[in-house]
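The values are calculated or read from the model by the stated rules, or taken from the named source; none is laboratory data. A quick note: this is a predicted structure, and the numbers were derived from the prediction, not measured. With ideal geometry, Cβ positions are generated from the backbone for all residues, glycine too; neighbour counts draw on all protein chains shown.
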Amino acid sequence: MGYQAQLRIWRGDAGRGDLADYKVEVNEGEVVLDVLHRLQATQAGDLAIRWNCKAGKCGSCSMEINGRPRLACMTRMSTFGENETLTITPMRTFPVIRDLVTDVSFNYAKAREIPSFTPDPATKPGEFRMQQVDVNRSQEFRKCIECFLCQNTCHVIRDHTENEGAFAGPRFLMRIAELEMHPADTADRREIAQDDFGLGLCNITKCCTEVCPEHIKITDNALIPMKERVAGRKYDPLVWLGSKIGRRQVKDTPKVPGKK
Amino acid sequence: MTQATDTSSRTRAQIADRTLRKDPWWRAPAITATLLTIWVLYATVHVFLGRWYWVPKYHYLTPFYSPCISGSCATGSASLGTWFGKVPSIIPYALVSLPFVLGFRLTCYYYRRAYYRAFWRAPAACAVREPHKTYTGETRFPLIMQNLHRYFFFAVILISVLNTYDLTQAFRGPNGDFGLGLGTLIMLINVMLLWAYTLSCHSCRHITGGRLRHFSAHPVRYWIWTQVSKLNGRHMQLAWITLGTLMLTDLYIMLVASGAISDLRFYN
Amino acid sequence: MTDIERHSYDVVVIGAGGSGLRAAIEARLRGKKTAIISKSLFGKAHTVMAEGGAAAAMGNANSRDNSQVHFRDTMRGGKFLNNWRMAELHANEAPDRVWELEAWGAVFDRTKDGKISQRNFGGHEYPRLAHVGDRTGLEMIRTLQQKVVALQQEDAVSHGDPEAMIKVFAETTITRLVKDGDRIAGAFGYVRDSGSFILFEAPAVVLATGGIGKTYKVTSNSWEYTGDGHALALLAGAKLLNMEFVQLHPTGMVWPPSVKGLLVTESVRGDGGVLRNSEGKRFMFNYVPDVFRAQYAETEEEADGWYADPENNRRPPELLPRDEVARSINSEVKAGRGSEHDGVFLDIASRLPAEEILRRLPSMCVQFKELADVDITKEPMEVGPTCHYVMGGVEVDPDTAAAAVPGLFAAGEVSGGMHGSNRLGGNSLSDLLVFGRRAGIGAADYLDGLTARPAIAQADLEAAAAEASAPLERPGGENPYTVHAELQDIMTNLVGLIRVETEMKQALAELEKLRERVLTVGAAGGRGYNPGWHLALDLRNMLIVAECVALAALERQESRGGHARDDFPQMSPEWRKVNLICTLDGDRVHLSRQPMKPMRPDLLARFDRDELKKYLTPDELPAPVTPEEKH
Ligand SMILES: Cc1cc2nc3c(=O)[nH]c(=O)nc-3n(C[C@H](O)[C@H](O)[C@H](O)COP(=O)(O)OP(=O)(O)OC[C@H]3O[C@@H](n4cnc5c(N)ncnc54)[C@H](O)[C@@H]3O)c2cc1C
Ligand code: SF4
Ligand code: SF4
Ligand code: FES
Ligand code: FES
């Protein structure tokens, strides 16, 4: 039943570090996080891992296992061969704090720039009436557990740090989509989606969808529909003409000022 | 941001490898690149060939030549009439439709993903470092033109109508009455799948209902959107299948037109 | 002396779960400069794991529901040991709090007429839980998180700095509350990633640190639940109430071992799932206690009829309050009718079509598929009791959430009283909102009545810093992971679901031995993000809490709710009048009895006299009323 697994784990801080080799016992039914915990309790008490729920619900334990961005608590050891060496590294896109823990504050900063839910001020709490069919789309996006694996994998920032300022990443472009599809929201974030949050940088190559542990169809259901909405707002000759002759006025909601 | 300490000096973990993935991640882009290349080469050759596109006896017209508007078109093949005189086949005979069909596929959200990954390698596969120094995505010319996809969609709807008309013609036998051959069936399947591909388009999904905030206020459009969404879930498959059926239809008609094989007739 | 980063705030909220965020939002809305401190990242607090829903008598699913019924259900669930004023406030205010969430962007599941949908849960008479599939906690925490962000955005416009009025200090752990005389003056802790020390000077501190589950081995709780708030309150001189009441949720996963304890939401039963033993029998029919006999079905037909027609059928016994179900499962397993891995079977597959299961319980489907290779749309799940929630906690004033120490407030799971001896499912999420808000108001009002800000003595800081640094100075000390595992074993084996005097005495003796060892644990490695060090510091808290639980459990000689004694299996009306209070005397836990305040007559009048007889002593009962007077 049990066997000794070979692990290579990135250990270090402030960017400097290296892969260290370990041998750890594995029992039936275990996930990578169990094995890391055993390592922590028996051989490396100070091994830094971030985790909370151990049930795929909180999105804390994001890391890269054999080069693939995953949740450690939802990756079964049985998906690997017993003789296979597992290489475990921190998420590459975010600055490393120590070992497998990264500094994900980039994401919180982006979250704060997106204009919040803006209901009609005349609707008082308790008076909202929304049909299930109208909330289904937003609900799909609200399944997001903010593991930031999509943010980590998206090549726009993973491979090009210079885009970090201009690009909010799939998770937050999806947040914009969620609000744009919310039946009780009244703001219009289409223009800023393109101009301030970098929707145009996304080339719909779908890596965000591929890694999302919640299986949210980020690209198909959020990003592409947003691109279509933006096309309607910014690249539609009729809308453009209409706004020129003052017939159709579009009220764009501006992005929220940040610090500095 | 939410951290109390100064975090600005932190850097990413320095890992030199381009990727630590151990699975054959390079396989999918390689297959995509190969298949797309074969298809484009084949289509280019036939489009500029200027022959073997029309089977007068059974009224088979390959989609690559529809509508045939050149003065050089064979009699009977020009459903919309000829728009100019005889020109060499360096000017494709279906001059009015090909750019739109091509543009539609080029700006298709699925094909974009496919060729960005397979040819431009941005990225070749997830969590595999891409080779470019800089990256501007679809924010600048020419790629910003991808935003015009929906106009290609409108055009291709018209072209699909035309393909359907071509199909109805293929149901006519040599004497003009009803007739049915293998070619007809191939064209039928092709046209049906072309419609499925076209209607499964993301722009179509947006236009028919996706743009609405309140589905409940538009039950009919919601229903259409649900159906389109179902098709849309198969968009990638349809994109590949229709490449296949297009090529097959064209090849079959070419072979019949050139006399290499004769059509298998079921009726008349 | 090590450097200590200093911050000054009006209100410091320790905990970024539902209650903490709600308290912080309220304090900020009332113009107070507020800090939110959390051991984990922003948006990942334990509340995120809540699945089933938030109980609020909005009456959307059944218009007969109202706050009076909710109050009654809560008191029954808690076996009348609840602080009735809290139960009353909770029932009254829960609907407004849920609606408020909706106005802040929460997207609940809907009814046909577009209102918030409500689902059935154990102990609730009507469908009452506002929910989003089986991820309600996520929706709640995300909404509150986004509300905090919305407030920060307002401040960015008005103050030029989003963090001017409300700021989140994520991955920061508080290890001590500091006082000025008898008043709260601030909170001291360390930043997890750098290991550096940090001090928050603040006249008002709200504890919202959640529960104590990590003192047990089989638990649905995460590492955060080390009883920090309970211990901090005791160390600061506050009182803990009725710590013997620890809820074991009846349905935790039992296989494979790595997920043992992981929660299987009660919604499975609320949506039609049934419990069977190894003989395929729905055994819960044999375990309906007398106090609940009248409300629960006696036959399978009647039970099954209830889902569609609750007017004419009584509830299935699977939906009894959690303590009852947990004990019944335990009895079945003990009687040899358990499953292969000492659980019982929870079957939804034969009760609902697969698509419906997927739609209503998506994360359960994933959880079982990915972690246990079980397809719950086709096969039953194996389940057994798991430590889930602590009803006991910091004693607070119901209206203001103020603890015994001036300036200290507590809300959420860390506070005590609201749920009596057993919490009903769904009552926690609404509790967080109702009392989180009240704690925010309480803190703001307290500040308004304050003339001078308290000061902090340097000596206190140095002591706190020395205490926190100690494990790092013993790199060769005992392994904290080992000590933790032993503590969990003691509590699970000796102060678990069914308790007896001899075992609890043994537990106390073993905890005593552990106390020495906790003082010798060491952490190798540096200060930066060192989990060994963090655990070493948490051990102090877990030990204090474990002692409280064991002492109180030994003292209470009856069985009630989350406290079941083999040697005293009956519920006693005399004991109902007693609250057990834990305080700290030096470093010793001290236990005392405190009489329960009698319930207000108008609240008593909401119950049938016959029902009250089961819980109250004869002299507490209201005078019998003649039928004419009753209406
Ligand atoms: C699996 C599961 C499912 C549940 N389902 C439901 C349900 O359906 N309905 C329901 O009503 N209830 C449910 N509950 C119970 C409910 O979720 C919890 O009781 C509730 O979330 C507790 O919230 P809280 O605000 O008190 O604390 P939490 O959300 O637990 O937050 C505690 C916070 O305190 C912080 N903290 C702790 N110690 C310190 C310290 N020393 N320094 C700084 N910060 C600290 C933590 O980091 C965290 O941010 C469930 C519980 C579990 C485990
Ligand atoms: S689809 Fe767009 S957002 Fe998603 S990973 Fe690819 S480029 Fe990034
Ligand atoms: S969208 Fe998916 S991958 Fe991205 S943060 Fe949310 S849960 Fe994670
Ligand atoms: S620990 Fe919560 S998602 Fe893995
Ligand atoms: S055709 Fe592919 S998205 Fe429009």
Sole residue being without any contact (Cβ under 8 Å) to a residue 40 or more places away in the chain and not assigned by TED's automatic domain parsing to the domain that holds residue C:53, chosen from C:276, C:282:
C:282
Can you say whether residue C:589 is hydrophobic (A, V, I, L, M, F, W, C), surrounded by fewer than 21 Cβ atoms within 10 Å (Cβ to Cβ) and either in contact with a strand residue (DSSP E or B) (Cβ under 9 Å, 6 or more places away or on another chain) or not assigned by TED's automatic domain parsing to the domain that holds residue C:209 (or both), as far as the supplied structure shows?
no
Within the stretch A:178-192, take every residue that is within 11 Å of chain B (Cβ to nearest Cβ) and part of a helix (DSSP H, G or I) and give me the one that is farthest from the chain's Cα centre (by Cα).
A:190
For a quick check of your reading of the model, give me the residue pairs whose first member lies in the stretch C:525-537 and is among the β-branched types (Val, Ile, Thr), whose second is surrounded by fewer than 21 Cβ atoms within 10 Å (Cβ to Cβ), with beta-carbon atoms closer than 9 Å and at least 6 apart or on different chains.
none
Counting only residues that are within 12 Å of chain C (Cβ to nearest Cβ) and polar (S, T, N, Q), give me the helices (runs of 4 or more DSSP H) lying completely in the stretch A:115-176 with at least 1 of them.
A:132-142
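Matching residues to (1) surrounded by fewer than 22 Cβ atoms within 10 Å (Cβ to Cβ); (2) within 13 Å of ligand 2 (Cβ to nearest atom); (3) among the basic types (Lys, Arg); (4) not assigned by TED's automatic domain parsing to the domain that holds residue A:67:
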{"position": "A:188", "(1), (2), (3), (4)": "yes, no, no, yes"}
{"position": "A:207", "(1), (2), (3), (4)": "no, yes, no, yes"}
{"position": "A:212", "(1), (2), (3), (4)": "no, yes, no, yes"}
{"position": "A:217", "(1), (2), (3), (4)": "yes, yes, yes, yes"}
{"position": "A:222", "(1), (2), (3), (4)": "no, yes, no, yes"}
Per the list (1) farther than 23 Å from residue A:214 by Cα; (2) in a loop (DSSP other than H, G, I, E, B); (3) not small (Gly, Ala, Ser), residue check on residue C:152 breaks on (2)
Filter the helices (runs of 4 or more DSSP H) completely within the stretch B:160-260 down to those with at least 3 residues that are touching a residue at least 40 places away in the same chain (Cβ under 8 Å), more than 16 Å from ligand 1 (Cβ to nearest atom) and touching a His at 6+ places or on another chain (Cβ under 8 Å).
B:235-258
Please specify each residue of the stretch C:142-182 satisfying the condition of being among the β-branched types (Val, Ile, Thr) and touching a residue at least 60 places away in the same chain (Cβ under 8 Å).
C:148, C:166, C:168, C:172, C:173, C:174, C:175, C:178
Do any strands (runs of 3 or more DSSP E) entirely within the stretch C:309-420 hold 3 or more residues that are under 25 Å from the mean Cα position of the chain (by Cα), and if so, which?
C:381-390, C:408-410
For the stretch B:6-48, how many residues are farther than 30 Å from residue C:528 by Cβ and assigned to a loop (DSSP other than H, G, I, E, B)?
5
One residue from B:105, B:172, B:113 being within 10 Å of chain A (Cβ to nearest Cβ) and away from ligand 3 (no atom under 16 Å from the Cβ)
B:113
So, in the stretch A:57-74, of the ones that are crowded, with 23+ Cβ neighbours inside 10 Å and closer than 15 Å to residue C:258 by Cα, which residue ends up nearest to the other protein chains (Cβ to nearest Cβ)?
A:73
Return the residue satisfying two criteria in turn: it lies in the stretch C:127-150 and is of a type outside the set (Gly, Ala, Ser) and over 22 Å from the mean Cα position of the chain (by Cα), and of such residues it is farthest from residue C:72 (Cα to Cα).
C:149
Assess whether residue A:80 counts as being assigned by TED's automatic domain parsing to the domain that holds residue A:47, over 24 Å from the mean Cα position of the chain (by Cα) and farther than 22 Å from residue A:219 by Cα.
yes
Per the list (1) free of Cβ contacts under 8 Å to residues at least 60 places away in the same chain; (2) assigned by TED's automatic domain parsing to the domain that holds residue C:328, residue check on residue C:263 breaks on (1)
Any chance the stretch C:39-51 includes a residue that's away from chain A (no Cβ under 14 Å) and either within 16 Å of ligand 3 (Cβ to nearest atom) or within 22 Å of residue C:191 (Cβ to Cβ) (or both)?
no
Pick from A:31, A:26: which is touching a Cys at 6+ places or on another chain (Cβ under 8 Å) and either crowded, with 20+ Cβ neighbours inside 10 Å or in contact (Cβ under 8 Å) with a residue 24 or more places away in the chain (or both)?
A:31
Can you tell me which residue among C:54, C:27 is crowded, with 24+ Cβ neighbours inside 10 Å, under 28 Å from residue C:220 (Cα atoms) and assigned by TED's automatic domain parsing to the domain that holds residue C:187?
C:54
Give the number of residues within the stretch C:493-523 that are over 26 Å from the mean Cα position of the chain (by Cα), more than 29 Å from residue C:177 (Cβ to Cβ) and among the aliphatic types (A, V, I, L, M).
1
Flag for residue B:32 being crowded, with 16+ Cβ neighbours inside 10 Å and within 17 Å of residue B:118 (Cβ to Cβ):
yes
Positions within the stretch A:176-225 being of a type in the set (A, V, I, L, M) and within 16 Å of ligand 4 (Cβ to nearest atom), in sequence order
A:211, A:216
Looking at the stretch C:479-561, what helices (runs of 4 or more DSSP H) fall wholly within it and have at least 1 residues that are touching a Ser or Thr at 6+ places or on another chain (Cβ under 6 Å) and under 28 Å from residue A:39 (Cβ atoms)?
C:480-494, C:531-555
Selected residue (only one of C:416, C:436, C:449 is among the small types (Gly, Ala, Ser) and within 22 Å of residue C:324 (Cα to Cα)):
C:416
Pairs under 9 Å by beta carbon, first residue closer than 13 Å to residue C:106 by Cα and in contact (Cβ under 8 Å) with a residue 40 or more places away in the chain in the stretch A:132-150, partner among the aromatic types (Phe, Trp, Tyr) and more than 10 Å from ligand 3 (Cβ to nearest atom), six or more apart or different chains?
A:135/C:108
